[in-house]
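Here, each number is a calculation from the coordinates, and none is a lab measurement. These numbers come from a predicted model, not from an experiment. Cβ placement follows ideal geometry from the backbone for every residue including glycine, while neighbour counts extend to all protein chains displayed.
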Amino acid sequence: MQYQHNEGGGDTGEINLHMLDYWRVIRVRLPLIILVFLLVVTTAGVSTYLTPRQYQSSVTMQVKEDNNNMHIFGSDGGRGVDPRFATTQFQILQRKEILYPVVDTMKLLQKWDLRSRDVAFMRLRGMMSVSEVRGTDLIQISILDTDRQEAADLANTIALEYQKKRIDEQQGWVARSLVQLEDEVNKQRIKTEALRDAMTKMRIEAKINDLNPESVEDLSLAEKNILVSVEGQVNDARIRVATLRSKQEQIKGMTDDQIIRSLKTFEMDDATISQILPQYEACVSQEAQLLSSGLGANHPSVQSLQARKKVYAEQLGNQIGILRKSLVANLEINQKALEAMELKLSEARTGEQDSKSKALHYQEAKNEYLKAKRILESAETRYSTEAMQRTMPQSPATIWEKAEVSDFPAKPKVGKNMAIAVAVGLALGIGLAFLIEYLDTSVKTMQDIEAALGVPVLAVIPRDIAILKDAPADCSDAEGYRIMRTNIEFNRKSPDAKTLTIVSGGVGEGKSTTLNNLAFTFAKGGYRTLIVDADLRRPSQHRFFGFANDRGLTDFLTTDIPFEPLIMSTPIDNLWFMPSGRLPIDAVGILNSQRMIDLIQQLRASYDMVFFDSPPVLGVSDASVIASSVDLTLVVVQHRRFPKAMLLRVKQTLQNVGAKIVGCVLNNTDIRHDEYYEYYTSYYQYYSPQQSKNAAEKTPEKDASSKKEADGKY
């Protein structure tokens, strides 16, 4: 919708004008719209009623991707969900590998009376639809059939066949993949054993000391660890020898009693000394007590204690001697052990240097073996895991909801079909109305007339205008002709321009009625007005007045009689009438004569306004002859009747004969449909309700029939 923006933001009026234009088109073409609407709705209703009832049954199942990527090491690397999986399954479900078994299982060839499985397949596929439940792994298989039980059975059978097909394919693939995986494991085992034998042979031939051939520990690291261990042992032995030597040097200068008191300090605890020493000290204490009590040295008790003390002293002395000897022996033993360990350390250092050069190739062979061993262990573990997993029940397709017999038909959907029919009917009707309006080249607006003829529209006359001479005095229909009279008065350039003809492009545009009412309006305005019926071929003005057409214009043109006896008085003041008269057989072209020109000159001098009724300008040449002779020419165009091209031909015809076109009248406009013209015929609202009622009432049937007859012809 285009519109021009008015200054100050006032573009609402333009938009409303366009909307009114659209609404006007709908109102004008309303019968067509209603007809198309009823045809579409009726057709949809009949089709819906006659369409066989179809029932839909659906089965819901969950489908999962096949885990067909068997890997020896770990998983498949985080493979995501295939976005094409669901659509792929939709296509598989509709293929012959699934539907052929359904045809056989359900015995559809016999049931449907078909001879070819392919025909049954195509029919079944046409009944089937597959959809995805959004956001889930669920798919829905639906069957649409006139037999409700058959629809449910077909849906369930398709789901079962698909499930069976998926399980069979998965089990077959598992069997093949496990066999292939087992072959790969056996090949890896043979390779590992060969590498192990080569490593063992190389270790034996090179006399390599590998304490743990199955470990990934480096040989150089092992030798180094041995060297470090031996060095630690040697250091410990040296410390022990130094400690023993220090103890021996200290003990040499000490008495037995000092040694006994320092046993704990030297960490030389002896069980015998620990047992005898307390008894010896007890004897010494008792001897001192007896002597302090007054007993003498020769007393038997004192002598007994001294004898016991002596024995204990000898035992302690002997044990101290043994400790001295054991300390010397222990020092010698540790010195010899130190010497042996230092020799071993020297050999270890030499062995470390030799192992670095000997174990290089062996280490490479060992690494290859250990690598192959790890691969073998992983493959065996994976094989065992896959074998256990694959033997477990698999469910690549699970039926969660079986199809059941439907109680209500799924098609046709009466409400939906009728709603669509209503929408389509309205859209098609309105669209056809606008298409016809677009293709309609008839005259619709005053702008069409002014653009084609280049002259102003002097008046817009509505439909069903009464014959003013027979209408009440206050008839509102006369106002349009008063406007036309005023415009003619202002548009004629000279007061002497008194003769006027009204022409039309085609028959039935209302020129005769317009001329009669316009002449009546001039007469009522005080003009001495004459109507000359110059339409010699199809005269009609005499019918408006109820006169006979025995004498008239043709008599003046074909004889020498004056025009005065041919003019008749009418019941309307200031209005006279000259009939056309009978047309002689040989009177073709009598209007194009000097006598006609003389008549026009004489009538111009005798009357204030002279109106010449003429035939259609495009029908015969008479209208062109009259238009070229009179002062003014008024063109009548009937609203929405003839194409715009006819106006151009009318204009060209009148211009060719030198006619002076004073203006145009847009006749027979339907204000009920074309509200736009109410702006130009709004004088109706100035009349009182009673006046409007009187104007709407028709005059006697005779007048109405006369008007209808005249309008129907002209």
- Pair ILE239, GLU65: separation of 7 Å Cα→Cβ label points (nm): 6.5 nm
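Determine how many Å³ per residue the convex hull of the Cα atoms of segment 119-167 encloses.
Numbers: hull volume 4.2 nm³, N = 49.
Once divided by residue count, the hull of segment 119-167 is 85 Å³.
Please work out the FRET efficiency for the pair ARG649 and THR43, using the Cβ-Cβ distance as r and a Förster radius of 35 Å; give the result to the nearest 0.05.
Working: r = 43 Å, r/R0 = 1.22.
Calculated value: 0.25.
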- Query: For segment 435-538, with only Lys/Arg (+1) and Asp/Glu (-1) charged at the beta-carbon, what is the dipole magnitude about the Cα centre, in debye rounded to 20?
  - Reply: 500 debye
- Query: Of LEU345, ASN334, GLY294, whose Cα points farthest to the positive end of the dipole of segment 253-357 (charges on the beta-carbon: +1 Lys, Arg; -1 Asp, Glu; origin at the Cα centre)?
  - Reply: GLY294
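With Cβ to Cβ distances under 12 Å as the rule, what net charge do the other residues near GLN303 carry (K, R +1; D, E -1)? Intermediate values should be presented prior to the final figure.
Numbers: positive: ARG308, LYS309, LYS310; negative: GLU287.
So the surrounding residues net to +2.
Which entries in LYS469/LYS524; LYS252/LYS310; LYS498/LYS524 show an alpha-carbon gap greater than 20 Å? Don't skip to the answer; put the middle values down first.
Values: LYS469/LYS524 10 Å; LYS252/LYS310 24 Å; LYS498/LYS524 16 Å.
Pairs exceeding 20 Å: LYS252/LYS310.
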- Over the alpha-carbon set of segment 447-582, work out the extent along each principal axis and list the three values in angstrom, largest first. 46, 34, 31
- Message: Compute, for segment 253-357, the length of the dipole vector about the Cα centre, with Cβ point charges of +1 (Lys, Arg) and -1 (Asp, Glu) only. Units Debye, rounded to 20.
- Response: 260 debye
- Query: Label points 7 Å out from Cα along the Cβ direction at ALA175 and ALA307: separation in nm?
  - Reply: 10.8 nm
- For segment 253-357, report the translational diffusion coefficient in µm²/s to the nearest whole number, using Stokes-Einstein at 37 °C, 0.692 mPa s, and a Kirkwood Rh over Cα pairs. 187 µm²/s
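For the pairs LYS207/LYS371; LYS64/LYS402; LYS64/LYS187, note any where the Cα-Cα span goes beyond 29 Å. All intermediate terms of the calculation are to be shown ahead of the outcome.
Numbers: LYS207/LYS371 23 Å; LYS64/LYS402 18 Å; LYS64/LYS187 33 Å.
Over 29 Å Cα-Cα: LYS64/LYS187.
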- Extension gain, HIS361 back to ARG53 (0.36 nm per residue minus Cα-Cα distance, nm): 102.3 nm
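Applying a 10 Å radius around every beta-carbon, put 594-601, 572-579, 286-293 in order of their mean neighbour count, most first.
Details: 594-601: 15.2, 572-579: 20.2, 286-293: 13.4.
Top of the packing list down: 572-579, 594-601, 286-293.
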- Query: Hey, if you put +1 on the Cβ of every Lys and Arg and -1 on every Asp and Glu Cβ in segment 375-479, which of LEU376, GLY415, ALA478 ends up farthest toward the positive end of that dipole?
  - Reply: LEU376
- Message: With a cut-off of 8 Å between alpha carbons and a minimum separation of six or more residues, what is the relative contact order of segment 253-357 in percent?
- Response: 27 percent
- So, in nm, how far is label LEU428 from label THR87 when the simple model puts each one 7 Å beyond its Cα toward the Cβ? 3.4 nm
- Query: How high is the FRET efficiency between GLU132 and MET418 when r is their beta carbon distance and R₀ equals 30 Å, given to the nearest 0.05?
  - Reply: 0.50
- Query: Taking only the alpha-carbon positions of segment 512-621 and ignoring solvent, what does the Debye formula give for the base-10 log of I(q)/I(0) at q = 0.15, 0.18, 0.23 Å⁻¹?
  - Reply: -0.59, -0.87, -1.42
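Provide the three semi-axes, in whole Å and in decreasing order, of the ellipsoid equivalent to segment 78-224 as defined by the square roots of 5 times the Cα gyration tensor eigenvalues. Could you put the intermediate results ahead of the total?
On the way: eigenvalues 785, 68, 19 Å².
Ellipsoid half-lengths, sorted descending, are 63, 18, 10 Å.
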- So what's the convex hull volume per residue for the Cα atoms of segment 375-462, in Å³? 278 Å³
- Task: Using 0.36 nm per residue of separation minus the Cα-Cα distance, give me the extension gain between ASN491 and ILE190 in nm, one decimal.
- Result: 96.2 nm
